[in-house]
Amino acid sequence: MPDFPHLLWFIAAGWLLNLTPGPDVLYIVSSALRHGVRAGVVAGLGITLGCFVHVAAAAIGVSALLATSAMAFTLLKWLGAAYLLWVGVRLLFSRLAPNLPATPGVSMPGLPVNWRTVFLGGFWTNVLNPKVALFFLAFVPQFIAPDADNKALAFVLLGVLFNVNAIPVNAGWALLAAWTARRVGAVQRGLHWLDRVAGAMFIGFGLKLALTDNPVN
């Protein structure tokens, strides 16, 4: 593990990175806008579990394989891009359900929530993104001392710390989205168009991922 000053830098850098908008943040915000704070938090927990998968994969060398194998990276890249495009298309062409509450961000009986679907959506959004795996492989080792006795253990501990620190940030995104929705007081039609905007952004993220250059090249 790094010394205390470097550990503080690691925590601060992790918070800043988690505050940066991307597919994960978009998924949390869109879930919170549509179903309320709880949905945003559940989405964030799914994303966090996906991060733990990447930490474990990096610890056993899978992320290193993605960084050196063109075929492995390309396969996961296309799977991730296809998933993001699928989510985007679903949102883009979703129909406005009848009898929705007038205020978004507040879950009501007229808008049932499948918590398992929300959770797994966040999980797969993260797991199927090879850029997350490469991020952990590139970011975390910078804070591991070259003379560390057990670098794999240090990597896992730092990865766990990064993911735990991300939970309050993700919850903050959910709270902010739900708070904004209540203060804005958008009507059903506004919520309908929010789905369209989120769908277009997911499609954009999917296309961006599909066009990502292979790091092996």
**OP:** Among residues belonging to the range 172-193 that are part of a helix (DSSP H, G or I) and crowded, with 19+ Cβ neighbours inside 10 Å, point out the one that is modelled with the lowest pLDDT.
**Re:** Leu191
**OP:** Find all pairs meeting these conditions: Cβ atoms under 7 angstrom apart; at least six residues apart or on different chains; first residue within the range 76-92 and on the phi > 0 side of the Ramachandran plot; second residue of a type in the set (A, V, I, L, M, F, W, C).
**Re:** none
Subject >> Of all residues in the range 129-169 being within 26 Å of Trp78 (Cα to Cα) and among the polar types (S, T, N, Q), the one that is surrounded by the most Cβ atoms within 10 Å (Cβ to Cβ) >> reply: Asn129
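Which is at pLDDT 75 or above, outside any helix (DSSP H, G or I) and touching a helix residue (DSSP H, G or I) at 6+ places or on another chain (Cβ under 6 Å), of Val216, Val169, Val113?
Val113
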**OP:** Could you please give the count of residues in the range 1-33 that are in a helix (DSSP H, G or I) and in contact with a helix residue (DSSP H, G or I) (Cβ under 7 Å, 6 or more places away or on another chain)?
**Re:** 18
Subject >> Residue count for the range 1-39, restricted to those that are among the aliphatic types (A, V, I, L, M) and closer than 15 Å to Leu175 by Cβ >> reply: 8
Subject >> Residues of the range 34-52 satisfying the condition of being β-branched (Val, Ile, Thr) and either more than 15 Å from Gly121 (Cβ to Cβ) or outside any helix (DSSP H, G or I) (or both) >> reply: Val37
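The values are calculated or read from the model by the stated rules, or taken from the named source; none is laboratory data. In this text, all values refer to a predicted model and were calculated from it rather than measured experimentally. Please note: Cβ atoms are built from the backbone with ideal geometry, for glycine as well, and neighbour counts cover all protein chains shown.
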